[in-house]
Amino acid sequence: MPTARFLFSICLFALLLPGAGSLRAAPDVLVLGRVSDNPAAHYDRLKPLLDYMVEHMADLGIREGRVLMAPDTAAMASYLRQGQVDWVTETAGAALGLIELGRAEPVALSWRGGEQQYYSVFVARRDSGITSLDQLQGRTIGFQHPNSTSAYLVPAGELLDRDLSLAGLLSPLDRPPADLVGYAFTGDEANSVAWVHQRLVDVAAISNQDHADLVAPVPDYASDLHIIDRSLDYPRALELVRQDLPQPIRERLLELLLAAGEDPEAEEALGNFFRTDRFTPVTPAVERQLETLGPLVKRVRRELQ
């Protein structure tokens, strides 16, 4: 018999399917959105900070906060255009799609795990003989998930920019043609590391933060695996709002985000919010990083999705 959590997941996605009815929130509701394939788990991460925001917006007429999930970036972009979502939290790759397709605007940079930016690394076994991305033709790579910035969109874009052609595999045990790089999705970062260590794939793409958390502290992994290349830096995550969000709400939301890192009442909510430490303004340097990242992500979506 389905569990309550499983049914909750289904209901969240069912509500968000196109044609499921209007979800435009009432003026007294603040709606936080997230692209997710695990809405029940992400709801628990999002709701505490949303509640914190709502508590500090009563004078603006905000009485309630709601979380809405979408199965992919295209669906979330549609909800933004229709005014069904006010505020979205996303990694840089997904944020770029929402800026382009959903007319969303970035308002704050999210610091997660103590970092405002990070980068992707390519990890191989030391005894594989692989020391360069140029050696990957006829070999395989493990990506984490199609929505992942650090473990798919950026590293796949880096390979395409090196004129390497990628081919999806039904199984990591399949071998690609000699002139292609085969790829398979691992499901999560820990699997990515395990797959390359166990020789299921030749290389894994993960973030530098995941390397520090999952590889460096494990003696077998640290001794057997090495980084063969890395990407440029890009923003850790971004907070975005729909373009037509009323200005008083937009300004208060940004004010609260920027102050949350110094407010003891927000500490627990921030910790739940994907290990967020604080928020800072979007600077010209961040905008330049997004401009560099944009063509890379577009190419991946155009050629591989």
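The values are calculated or read from the model by the stated rules, or taken from the named source; none is laboratory data. Just so you know, these numbers come straight off a predicted model, no measurement behind them. We place every Cβ from the backbone using ideal geometry, glycine too, and count neighbours over all the protein chains shown.
Here are some notes:
- Taking the criterion of being touching a Lys or Arg at 6+ places or on another chain (Cβ under 6 Å) and either assigned to a strand (DSSP E or B) or among the charged types (D, E, K, R) (or both), the residues of segment 268-283 that qualify are 275, 276.
- The residue that is farthest from residue 48 (Cα to Cα), among those in segment 262-282 that are among the small types (Gly, Ala, Ser) and touching a residue at least 40 places away in the same chain (Cβ under 8 Å), is 266.
- Flag not set for residue 77, criterion: in the same structural domain as residue 271 (by TED's automatic domain parsing) and under 23 Å from residue 255 (Cβ atoms).
- Checking 257, 245, 240 one by one, the residue that is in contact (Cβ under 8 Å) with a residue 24 or more places away in the chain, assigned by TED's automatic domain parsing to the domain that holds residue 76, aliphatic (A, V, I, L, M) and part of a loop (DSSP other than H, G, I, E, B) is 245 and no other.
- A count restricted to segment 73-103 and to residues that are under 11 Å from the mean Cα position of the chain (by Cα) and either small (Gly, Ala, Ser) or over 17 Å from residue 288 (Cα atoms) (or both) stands at 7.
- Scan of segment 101-134 for residues that are among the acidic types (Asp, Glu) and without any contact (Cβ under 8 Å) to a residue 24 or more places away in the chain, ordered by number: none
- Residue within segment 99-120 that is at pLDDT 95 or above, part of a helix (DSSP H, G or I) and of a type in the set (Ser, Thr, Tyr) present: no
- Being outside the structural domain of residue 199 (by TED's automatic domain parsing) and either of a type in the set (Asp, Glu) or under 30 Å from residue 159 (Cβ atoms) (or both) holds for only one residue in 61, 93, and it is 93.
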